Structure formats: structure tokens, C-alpha cells
Ligand code: SF4
Ligand code: SF4
């Protein structure tokens, strides 16, 4: 039983990193990314938020350590290959607030709400305790801005459909 739990935790860890194993690709891209990308780095250089970086094999990846993606489309404009398609949903993952969230632990913190320009995280007043966050997964774009700003690293980007499919 303990081994099963460990395996589940490991799978969840990789999902929390973006779903495609530990690799997270730029917005509006698909599973055929490495077949179409020529590794010219034009998107990385164009990104004003500096969330794109050289990943494994020189292929661009996205990381929300310092900032979120503003969905500005500069990467799309810069790319000369048929890699991006803005008719797609930008990201397959959505934010998830984990148990180590300070507000869930009754500490006053609303950094994620302040970071979210999509208004996907709200805090309603509660009597006798710190307000807790509510995430609207329909409004969430997976932009990662909340993850970048959370002081306790309590937000992950998770592909829930995969979690439910197993
Ligand atoms: S949409 Fe803009 S902010 Fe997002 S990865 Fe592309 S260039 Fe960067
Ligand atoms: S990932 Fe979702 S909840 Fe977080 S800032 Fe972006 S849109 Fe808002």
C-alpha cells in the first residue's frame, strides 16, 4: 500500500510540473512541438516576461519561477515555423492551491489573488479566521502568475483531466 501511495505521489509530482512529464512547453503549442520547432530561440528572445528558456535538447520550455506568462503573443509573432496555433487553449494545465497555502493555514495572505489578472482566485470574508482562496478553474488560464508570486510555493500547475483519467 505504501508503495502505491509513493507511486501516486510521484505521478502527481510530474503532473504538477505540467503534464508532459516534467516538461512544460510555450503557450499555444502541442505534443508535436519537437517535430516542428527548429530550436532557433526566437521565442525565448522575444518573451518580455522571460518565462521561456532553453530546455532539454535546446527546445524551449516555460517556467513560472519569477513571472507568469502574460499571453502577449510575442513568442507567436517571433516564430517562423508552424509551431504555435492560437486557436488552441494556451496551456493544458490549471492552477491548484495546495495544502501548504498560508491562507488555508489561517494566515492572512492574498498574493495569488493580487497576481491573477484573470480574476480566477477570490477570497470571501470569513468570520473568525483568515479568508481562504477559491479558484475558478474556468477562468484560470494556467498563466502561472499566481505560482510565481506565492510566498510559500503552495500553487502548482496541474492537468486535472489526466488525474481523473487514471
Ligand atoms: S505569450 Fe508573451 S509572455 Fe507568454 S511565453 Fe509568449 S512571449 Fe512570453
Ligand atoms: S494560473 Fe490561473 S489562477 Fe493563477 S494567475 Fe494565472 S489565471 Fe490566475
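The values are calculated or read from the model by the stated rules, or taken from the named source; none is laboratory data. Model, not experiment: these values are computed from the prediction. Glycine gets a Cβ as well: all are built from the backbone with ideal geometry, and neighbour counts include every protein chain shown.
The table for this structure:
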read-out	value
Single condition residue 82 does not satisfy, out of (1) over 17 Å from residue 60 (Cα atoms); (2) over 15 Å from the mean Cα position of the chain (by Cα); (3) assigned to a loop (DSSP other than H, G, I, E, B)	(1)
The stretch 14-34, residues that are part of a helix (DSSP H, G or I) and at pLDDT 95 or above	33, 34
Top-ranked residue in the stretch 131-151 [being assigned to a loop (DSSP other than H, G, I, E, B) and free of Cβ contacts under 8 Å to residues at least 24 places away in the same chain; ranked as nearest to ligand 1 (Cβ to nearest atom)]	139
Test: residue in the stretch 121-128 that is surrounded by fewer than 16 Cβ atoms within 10 Å (Cβ to Cβ), within 17 Å of the chain's Cα centre (by Cα) and within 14 Å of ligand 2 (Cβ to nearest atom)	no
